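Throughout, read-outs are computed from the coordinates displayed, never taken from laboratory work. Note that the structure is predicted; figures quoted are calculated from it, not measured. A quick note on method: Cβ atoms are made from the backbone with ideal geometry, for glycine too, and the neighbour counts reach across all protein chains shown.
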Amino acid sequence: MPPETPRKLKEEEGNTDQALRPASWDAYIGQERIKDNLRILIEAAKRRGEAADHLLFSGPAGLGKTTLAHLVAKEMGGSMKVTSGPAIEKMGDLAAILTNLNPGEVLFIDEAHRINRMIEEVLYPAMEMRKLHVVVGKGPSARTLLLDLPPFTLVAATTRENLLSQPLRSRFGATFRLGYYNSAEIAEILSRSARILGTAIEPTAINILARASRGTPRVANRLLRRARDYAEVHGKLSIDEAVSMGTLELLEIDELGLEPQDRKLLEIIIGKFGGGPVGVGTLAAALNEDRGVIEDIYEPYLMALGFLQRSSAGRIALPAAYDHLGVVRRGDLL
Ligand code: ADE
């Protein structure tokens, strides 16, 4: 057989991602308070025969914001149109999406903090009054057409709520902040995913993978697939303790889920800058990494572990980070 191209592999992962995505509230593990709130909000809207209020989901990547949006759309009995902030390049792109919505439909905008500010202004009357202002023509003959839009629910997702403009933020009827899942929830997600994939996994292996999953279902499912590969290649019938440890070692992921770049980030702050504070721009240059990736992926988890603090002066490594890396703090020896 010819070797598979990366693209094919990516598509296959995309397919299993789809297969693992919960299709009902009952199958969705964790985020209990958010689910309770959403159920009430949706049920009330349905009883009134209205579209649900516009919703904002914020939180780190991979926690299930898109999945929740799918569940909201399903519950409202309709379909969902999907786009993202950077995909809406021109006013016409947004106008086309909005005028093509079916009554009661959900419009999901991912990466909402990357919506262009000019385009955002078109969203305001659309969200508030279901009106679309379209400018036709140029110069003195330009006119504004006012189009009526069908009732719809805008569901926006962002990893950076603080980057959303205040006028946009204030137009959502409810904002839900998704937090990291605890180990028990991740363990339950791993069990469910293993069942769906038809892979046997031992309880000790579940616990090891759960601890290394960064409180993030997407990471947990990715580790599970890698462990399944590892078991298969080593002729094991189930994912056991040795398989899960071997998988993490191969991926250079430690028992808390830190990857080489996470450790390097902490080592730079501690080794080169005496523990901080260090500006994020300096860290980005030292790590040769995009500043946005540092802020969106590495830092939120390191902060959740109590390893890192963001201050106005920069990033500071906390005592737990020294302990984890096995570094002796200056002063401890005195
Ligand atoms: N897969 C990804 N996120 C999940 C969740 N919250 N519950 C169950 N399965 C998931």
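Suppose every Lys and Arg Cβ carries +1 and every Asp and Glu Cβ carries -1, with no other charges. What dipole size does the stretch 91-212 come out with about its Cα centre, to the nearest 20 debye? Before the final figure, lay out each step's value.
Numbers: 13 positive and 12 negative charges, 55 e Å.
With only Lys, Arg, Asp and Glu charged at Cβ, the dipole is about 260 debye.
Treating each Cα of the chain as one equal point scatterer and applying the Debye formula with no solvent, the log10 of I(q)/I(0) at q = 0.08, 0.14 Å⁻¹ comes out as -0.48, -1.20.
Can you put LEU209, LEU237 in order, fewest other beta carbons within 10 Å first?
On the way: LEU209 29, LEU237 9.
Ordered from fewest to most neighbouring Cβ atoms within 10 Å, LEU209, LEU237 come out as LEU237, LEU209.
When the charge dipole of the chain is built from unit charges on Cβ atoms (+1 for Lys and Arg, -1 for Asp and Glu) and taken about the Cα centre, the candidate among LEU101, ALA19, VAL155 whose Cα reaches farthest toward its positive end is LEU101.
The protection proxy used here, the mean number of other Cβ atoms lying within 10 Å of each residue, ranks peptides 305-314, 251-260 as follows, highest first: 251-260, 305-314. From helices alone, the chain scores -14000 deg cm²/dmol at 222 nm; the rule is -39500 (n - 2.57) for each run of n ≥ 4 DSSP H residues, then divide by the residue total.
Between beta-carbons, use under 12 Å as the cut-off and find the net charge around ILE239, counting Lys and Arg +1, Asp and Glu -1. If you can, show how the numbers build up before the last one.
Working: positive: ARG225, ARG226, ARG228, LYS236; negative: GLU202, ASP229, GLU232, ASP240, GLU241.
Overall, the nearby charge balance is -1.
Counting only residues at least eight positions apart within a chain, or on another chain, the lysines with an alpha carbon under 23 Å from that of LYS272 are LYS264.
Taking LYS131 as the anchor, which aspartates and glutamates have their alpha carbon closer than 14 Å to its alpha carbon, excluding any fewer than eight residues away along the same chain? Output for LYS131: GLU120, GLU121, ASP148.
A cut-off under 10 angstrom between Cβ atoms defines the neighbours of THR175, and their net charge, with Lys, Arg +1 and Asp, Glu -1, is +1. Cα centroids of the stretch 20-95 and the stretch 118-147: how far apart, whole angstrom? If you average the Cα positions of each part, the centres end up 26 Å apart.
Classify the stretch 64-122 as rounded, prolate or oblate from the Cα gyration tensor: take a ≥ b ≥ c as the square roots of its eigenvalues, call it rounded if a/c is under 1.5, otherwise prolate when a/b beats b/c and oblate if not. Display every interim value, and only then the final one.
Details: a/c = 2.94, a/b = 1.49, b/c = 1.98.
Here the stretch 64-122 falls in the oblate category.
Under the shape rule built on the C-alpha gyration tensor, where the axes satisfy a ≥ b ≥ c, the stretch 97-204 is prolate, since a/c reaches at least 1.5 and a/b is greater than b/c.
Quick one: order ASP240, ASP93 by neighbouring beta-carbon count within 10 Å, fewest to most. Mind showing how you got there, number by number?
On the way: ASP240 19, ASP93 14.
By the 10 Å Cβ count, ascending: ASP93, ASP240.
Here the residues LEU20, LEU190, ranked from fewest to most Cβ neighbours within 10 Å of their Cβ, fall in the order LEU20, LEU190.
With a ≥ b ≥ c the root eigenvalues of the C-alpha gyration tensor of the stretch 239-334, is it rounded (a/c under 1.5), prolate (a/b larger than b/c) or oblate? Write down the numbers at each step before the final one.
Working: a/c = 2.22, a/b = 1.39, b/c = 1.60.
Cα axes put the stretch 239-334 in the oblate bin.
When +1 charges are put on Lys and Arg Cβ atoms and -1 charges on Asp and Glu Cβ atoms, the dipole computed for the stretch 31-177 relative to its Cα centre reaches about 100 debye.
Within the shell defined by Cβ-Cβ distances under 9 Å, the residues around ALA157 carry a net charge of -1, with Lys and Arg each +1 and Asp and Glu each -1.
Taking the Kirkwood radius as the inverse of the mean 1/r across Cα pairs, report the Rg/Rh of the stretch 183-251. Spell out each step's value before the answer.
Working: Rg = 10.3 Å, Rh = 11.3 Å.
Result: Rg/Rh = 0.91.
In this calculation the C-beta distance from ALA184 to ASP26 is compared with R0 = 25 Å, giving a FRET efficiency of 0.90.
Projecting the Cα positions of GLY274, ALA285, LEU302 onto the charge dipole of the stretch 260-333 (unit charges on Cβ atoms of Lys, Arg, Asp and Glu, taken about the Cα centre) puts GLY274 furthest along the positive direction.
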